[in-house]
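Remarks on the structure that follows.
The values are calculated or read from the model by the stated rules, or taken from the named source; none is laboratory data. Every value quoted in this text rests on a predicted model; they were computed, and no experiment measured them. Don't worry about glycine lacking a Cβ; one is built from the backbone with ideal geometry, like all the others, and counts go over all protein chains shown. Only protein heavy atoms, including side chains, enter the accessible area calculation; ligands, DNA and RNA are left aside. Shrake-Rupley method; radii C 1.70, N 1.55, O 1.52, S 1.80 Å.
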Amino acid sequence: MDTTFLKRLITTSLGRKSLMAVTGLLLGAFMLIHLGENLLLLKGETAYNGWVEFLLSNPITPLLELGLLLLFLVHITAGVWVRVEDFLNAPRGYEARRWQGGRTIGSATMLYTAAAILVYLVYHMLTFRFVDHSMGFYQMVTGAFRSPVFTSIYVAGSAALALHLSHGMQSAFQTLGVSHPKYTPLIKAGGWLVALAMLGFALISLYFLFNMDLKAAEAGFQVIIIR
Ligand code: HEM
């Protein structure tokens, strides 16, 4: 097997940036799928628990989880490496000029939003993944979101995720050389759409914080009584 390509991915700066771009796009795809899964919370307990239990009983799920862990690890390692390299090679005074030359809030804060997402992810794993699930996933998640502190963490984490992707998605395509006068505006718009979709995680938690599910249930109950 020719390992030159694999070696180049690790040993050259472009290779490391490409690794970061590909893993970033795949993680973005996971985020959209995960958002879709969690929108099932709005459909109710049976739909949500049914889906999560189907996932957990599926023999390929552990493999997908392993793949996901690998994506996070490669993305973080390549990201830190590229950042350190850029910092060491940057001309003097670069930090002071960061905001010049068309930089956006998203691009200038990538490192900070990355750190915030990592903290958010670890918190998420400790509170939803590595805990006792015997009460059922729906009860666990919706119960947690009734806490203002818990939901505030989700709102802040989702905002960091949205800001990170507002630059990350289009930057990944640029790194991979996908650039065309006709398609670049579409790619940018798509990147923004994916970024804005991440606020959906915040909206789900706010929905349960403000008991909107209970109000919807009550309204349904009243309709049944009036009938
Ligand atoms: C409304 C917000 C969210 C809810 C309700 C939610 C719910 C869940 C639940 C219940 C699990 C555990 C499933 C299991 O035990 O296997 C899980 C896993 C996971 N979540 Fe989330 N999540 C949300 C947002 C996020 C966000 C924003 C991220 C990324 C920053 C994320 C990343 C993950 C990952 C990587 C896993 C582990 C993979 C897996 O086990 O399927 N989640 N989520």
In the range 1-155, what percent of the accessible surface is made up of carbon and sulfur (1.4 Å probe, ligands and nucleic acids excluded)?
-> 72 percent
Quick shape check on the range 117-227: root eigenvalues a ≥ b ≥ c of the Cα gyration tensor, a/c under 1.5 is rounded, otherwise prolate if a/b tops b/c, else oblate, and it reads oblate
Check: C-alpha center the range 132-166 vs C-alpha center the range 168-223, spacing in Å is 15 Å
Only Lys, Arg (+1) and Asp, Glu (-1) charged, at Cβ; the range 21-92 dipole about Cα centre in debye | 240 debye
What is the Cα coordinate range of the chain on the first, second and third principal axes, sorted by size from largest, in whole angstrom?
-> 71, 45, 36
Bin width 5 Å, alpha-carbon pairs only: give the P(r) of the range 1-67 as whole percents, running from 0 to the bin holding the largest distance.
-> 3, 14, 14, 17, 15, 12, 8, 8, 6, 3, 0
In debye, nearest 20, what is the charge dipole magnitude of the chain about its Cα centre with +1 on Lys and Arg Cβ and -1 on Asp and Glu Cβ, if you could check?
-> 860 debye
